[in-house]
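To keep things clear, I will list the structure first and then write my remarks on it.
The values are calculated or read from the model by the stated rules, or taken from the named source; none is laboratory data. Nothing here was measured: the structure is a model prediction, and the numbers come from that model. Every residue, glycine among them, receives a Cβ derived from its backbone with ideal geometry; neighbour counts consider all protein chains shown. The accessibility values were calculated without ligands, DNA or RNA, using every heavy atom of the protein model including side chains. Shrake-Rupley method; radii C 1.70, N 1.55, O 1.52, S 1.80 Å.
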Amino acid sequence: MEFALIAPFLMVLLFGIFAFGWALNAMSSVRYTLETSSRALQMKNSLTQSEIQAIATQKLLAMGLKNVNVTIVIDPKSGGFQMAHLTARYAFVIEFPYFDQYPIHYATTVTVPLVAS
């Protein structure tokens with residue numbers, strides 16, 4: 001009888017821990033993809049925002065993530081190099097049957113130097 005009262009709370013707690021862990025995994029994957037995309041930009045300074053977005057999207061789709069927005073801002077040249085700021089925005093939605101959806105909005109930025117070519 002006591003277990004029947006506690007079991008629903010334990011199940012919700014278990015599913016919550018799993019969903020939060022999955023969200024952290026997605027955030028880590030987005031950060032990793034942004035870092036690898038920034039390395040591609042370092043190797044080839046002439047990449048456009050659409051090309052970086054395509055590189056990131058290809059890697060994220062392979063990981064099962066969609067709807068990630070990647071933007072690039074490049075600072076003016078100073079001292080022979082430029083700084084590029086790549087930003088990724090992502091919303092991970094936690095869904096439980098019979099409950100509301102809980103989006104977790106995530107944004108991360110990677111800054112890399114671009115050597116003048």
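Among the residues of the stretch 67-117, which ones are over 16 Å from ILE52 (Cα atoms) and touching a Pro at 6+ places or on another chain (Cβ under 9 Å)? Answer for the stretch 67-117, where residues must be over 16 Å from ILE52 (Cα atoms) and touching a Pro at 6+ places or on another chain (Cβ under 9 Å): PHE81, GLN82, ALA91, PHE92, VAL93, ILE94. When the criteria are applied in full, SER37 fails the requirement of being under 15 Å from the mean Cα position of the chain (by Cα), closer than 28 Å to PHE99 by Cβ and among the polar types (S, T, N, Q).
Quick one: which of ASN45, ASN67 is exposed (fewer than 14 other Cβ atoms within 10 Å of the Cβ) and in contact (Cβ under 8 Å) with a residue 24 or more places away in the chain?
ASN67
As a summary of the residue check, THR57 satisfies the conditions (1) within 16 Å of TYR106 (Cβ to Cβ); (2) surrounded by 13 or more Cβ atoms within 10 Å (Cβ to Cβ) except for the one numbered (1).
For THR71, the conditions (1) in contact with a helix residue (DSSP H, G or I) (Cβ under 7 Å, 6 or more places away or on another chain); (2) part of a helix (DSSP H, G or I) are fulfilled apart from (2). In the stretch 97-117, the residues that are more than 24 Å from SER37 (Cβ to Cβ) form Cβ pairs under 9 Å with partners that are open to solvent by less than 50 Å² (accessible area, probe 1.4 Å), at six or more places apart or across chains, as follows: GLN101/ILE94; TYR102/ALA19; TYR102/ILE94.
Go through the stretch 70-82 and report how many residues are open to solvent by 60 Å² or more (accessible area, probe 1.4 Å) and without any contact (Cβ under 8 Å) to a residue 40 or more places away in the chain.
Residues that pass the stated criteria total 6.
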